[in-house]
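The values are calculated or read from the model by the stated rules, or taken from the named source; none is laboratory data. All of these numbers come straight from a predicted model, not from anything done at the bench. Here the Cβ positions follow ideal geometry from the backbone for every residue, glycine too, while neighbour counts run over all protein chains shown.
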Amino acid sequence: MSNTQTLVLGGGCFWCTESVYKEVRGVTDVESGYSNGQAPQPSYEDVCTGTTGCNEVIKLVYDPAQVSTRELLEIFFVIHDPTTLNRQGNDVGTQYRSGIYVTNDEQRAVAQALIDELTAENAFGRPIVTELLPLAHYWPAEDYHQDFFEHHPHQGYCMAVAAPKVAKFRKTFTRLAK
């Protein structure tokens, strides 16, 4: 049995990113939460004020023998806009910032190399504003946020925002789907 790793990603609303990564081969756990802020154990309501410094994130536990850090990050850069500061679509605020929160030096190197490649290619036509930092101060989101898309696929936001991201993942990364 291989060792697992943990990586935390902020790509806008955690319902959307969680819904994609639950479908990725080699990802053994996905949890919505809050990280890299200064407020201890914030609630969703606290985070929504924009005063906690926390980002809405997903914590991924994955088996690098089945899916690489780079593959996880390639998905990340396809399913959200890494060029908008503190915004994903209609979701606006520091809690929706693009962020990669690493748990080891190898993840940091892989992430920086990919950001450098995408920047050199001008892949998005605008500068990448994704922050790349060590994971700090992670707290799980409330139970009702966990597996939200799975439990509420017909909810308006899920249909309008999460479902298209899942469809894009399925189309673009067929080889990585469970």
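Hand me the list of strands (runs of 3 or more DSSP E) wholly inside the range 1-99 holding 3 or more residues that are of a type in the set (Val, Ile, Thr) and under 16 Å from residue 139 (Cα atoms). Strands (runs of 3 or more DSSP E) meeting the threshold: 55-62. May I ask you to say which residue of 91, 63 is surrounded by fewer than 17 Cβ atoms within 10 Å (Cβ to Cβ), closer than 24 Å to residue 124 by Cα and touching a residue at least 60 places away in the same chain (Cβ under 8 Å)? Checking each option against the conditions leaves just 91. How many residues does the range 107-150 contain that are among the polar types (S, T, N, Q), farther than 17 Å from residue 75 by Cβ and touching a residue at least 24 places away in the same chain (Cβ under 8 Å)? Number of matching residues: 1.
Take residue 28 and tell me if it is surrounded by fewer than 20 Cβ atoms within 10 Å (Cβ to Cβ), hydroxyl-bearing (Ser, Thr, Tyr) and without any contact (Cβ under 8 Å) to a residue 12 or more places away in the chain. So residue 28 fails the test.
Residue count for the range 148-165, restricted to those that are assigned to a loop (DSSP other than H, G, I, E, B) and within 14 Å of the chain's Cα centre (by Cα): 0.
Residues of the range 87-129 that are closer than 24 Å to residue 45 by Cα, polar (S, T, N, Q), at pLDDT 95 or above and touching a helix residue (DSSP H, G or I) at 6+ places or on another chain (Cβ under 8 Å): 95 alone. I'd like the full set of residues that are surrounded by fewer than 15 Cβ atoms within 10 Å (Cβ to Cβ), of a type outside the set (Ser, Thr, Tyr) and in a helix (DSSP H, G or I), limited to the range 100-125. Of everything in the range 100-125, those that are surrounded by fewer than 15 Cβ atoms within 10 Å (Cβ to Cβ), of a type outside the set (Ser, Thr, Tyr) and in a helix (DSSP H, G or I) turn out to be 105, 106, 109, 112, 113, 116, 117, 120. Whether a residue is out of contact with any Leu (no Cβ under 8 Å at 6 or more places or on another chain) and of a type in the set (S, T, N, Q) was assessed, and residue 155 passes this test.
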